[in-house]
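The values are calculated or read from the model by the stated rules, or taken from the named source; none is laboratory data. What you are looking at is a predicted structure, and each value in this text was computed from that prediction instead of being measured. Glycine gets a Cβ as well: all are built from the backbone with ideal geometry, and neighbour counts include every protein chain shown. Heavy atoms of the whole protein, side chains included, go into the accessibility calculation; ligands, DNA and RNA do not. Shrake-Rupley method; radii C 1.70, N 1.55, O 1.52, S 1.80 Å.
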Amino acid sequence: MSSASRFFVAASDICPPFCNQMVMEGTGEIDLNKWKDAVREASEKNPGSRYILKGSLNSCRWVESRMMPQVREVDGYGWDGQSGEGAQFLMDKLCPIRGPACEVLIVRGDPLRVVFRTHHGVMDGMGTITWVADIFNALNGRSIRGSGSTVVENDLVNSAPVSKQKIPIRFIPGSGPPNGHGAGFVWRRKRIVGHIHNLLPQVMIQSAKEAWKGAEGNVRIGVPFDLRPRRKGLRATHNLTYVLFIDLTPEMTVDDVEFEISDRLEKKLDGGWSLGDKLIHFVPLFLLKIFFKLQIRYHNRKGRYPFTGYISNLGRLPLEKFSGGGFASDAFFFVPPGMGFLPFFLTLNGTQNHVEFVMTMPEVLASEGRIDNLLQRIASGVGPA
């Protein structure tokens, strides 16, 4: 069990449901039994979809439970797909201890939707796509590629020695200070038509500008990236994502941000393990949960956070390969999980014709329409040039 997975398991009780939620929209008539068979076939070749947690402290590990991910139908006629309103089923918890930790929802509505939900402790975004691709392979009678590697991100990260220099931990949020109520999260979706060059650095620059409109201070953006390319032929569904932390200044341009990201990835300048990273394996989950609660209260009281936000670019998918079993897809998006001390988590993905922006934010920062305004300004600030 990796450090990140342990963190995600502890966070799931504090910030539920803490899942990857891949939503596909389209048309058709779905045969439920055919989908159940396809999910079973794909999950047999991707055992990570059947993991449950065993052990304690440093002996925590994922084991295959033989428990198949469930496939269930839900009523989505009251859900417009632009926010979480009318989609209470997206808040249902997935249990990494008792299982199942993954499921497929057939959301009856207009349009027809299919939602693939994976607990972040057992899969990351690219792992979820790997599993989903094999489900559609099964639906279309294609060969199921499968995955079975037990490599974790600790095995692939190029970690530097722990720095003795004190790292600042307070960064300004893009929404302004917390002034709302509630311990939950909200999300919003916005689509931009067309292809956008240098999408990720453009969005990072816009996010920083929005943060500086509300306050003076430091801006740090976390950029998750896939570690799988570091090992040739590696196919795995579990968490193989690491995060680059980029500190932005008002003088930085899109080209500056693009260069820093590409340079650090090329040179594998991933950053260093902190003492907390090393000790997390020896801390009981209940103590981690207490720590998370205290951190959330502390940062909300100060109005400063460990990061300004996370921005994850999940790329484009060939939707013709993600259709089958009576379902023809024409769009997809990811609803990112929420963390109480993360001001926003924004996912970017799309097709050849459009880009989907989906932002999750704590209720205390999203209040009074701030999440809508922030997402609108970030999305409208990027362009093809």
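Points worth noting:
- Distant-in-sequence amide H partners of Ala331 (H built 1.01 Å from N, under 5 Å): Glu25
- Subtracting the Cα-Cα distance of Leu57 and Asp263 from their residue separation scaled by 0.36 nm leaves 70.5 nm.
- DSSP bridge pairs, region 41-180: antiparallel proportion in percent, nearest 5: 60
- Computing FRET efficiency as 1/(1 + (r/R0)^6) for Phe89 and His354, where r is the C-beta to C-beta distance and R0 is 30 Å, gives about 0.75.
- When a 1.4 Å probe is rolled over the protein heavy atoms, the share of accessible surface on region 61-105 that falls to carbon and sulfur comes to 48 percent.
- Note that region 45-57 has calculated 3J(HN,Hα) couplings of 8, 10, x, x, 6, 10, 5, 9, 8, 10, x, 8, 6 Hz, one per residue in order, obtained from phi through the Karplus relation 6.51 cos²θ - 1.76 cosθ + 1.60 (θ = phi - 60°); glycine and proline are x.
- Here the calculated FRET efficiency for Ala215 and Glu368, from their Cβ-Cβ distance with R0 = 25 Å, stands at 0.90, rounded to the nearest 0.05.
- Helical content of the chain, expressed as a calculated mean residue ellipticity at 222 nm, amounts to -9000 deg cm²/dmol (DSSP H runs of 4 or more residues, -39,500 (n - 2.57) each, divided by residue number, nearest 500).
- Candidate values [x] 1.01; [y] 1.09; [z] 0.94, label of the one derived for Rg/Rh (Cα atoms, Kirkwood Rh): [z]
- Under the convention that each Lys and Arg Cβ holds +1 and each Asp and Glu Cβ holds -1, the size of the dipole of the chain around its Cα centre is about 1220 debye.
- Descending by average beta-carbon neighbour count within 10 Å, the peptides 105-118, 314-327, 232-245, 354-367 line up as 354-367, 105-118, 232-245, 314-327, the highest first.
- Length-normalised contact order for the chain - Cα pairs under 8 Å, 6+ apart - percent: 25
- At R0 = 41 Å, FRET efficiency that the Cβ-Cβ distance of Arg316 and Ile97 yields, to 0.05: 0.70
- Placing +1 on each Lys and Arg Cβ and -1 on each Asp and Glu Cβ, with no other charges, gives region 80-124 a dipole about its Cα centre of roughly 200 debye.
- Accessible surface, per residue, of region 17-103 when the full set of protein chains is kept, probe 1.4 Å, Å²: 48
- Cα shape, region 257-385, gyration tensor, a/c 1.5 rule: prolate
- For Asp270, nonlocal amide neighbours, meaning residues 5 or more places apart or on other chains whose placed amide H falls under 5 Å from its own, are Asn158.
- Look at the dipole of the chain built from charges on Cβ: of Val39, Asn154, Phe344, the Cα furthest out on the positive end belongs to Asn154.
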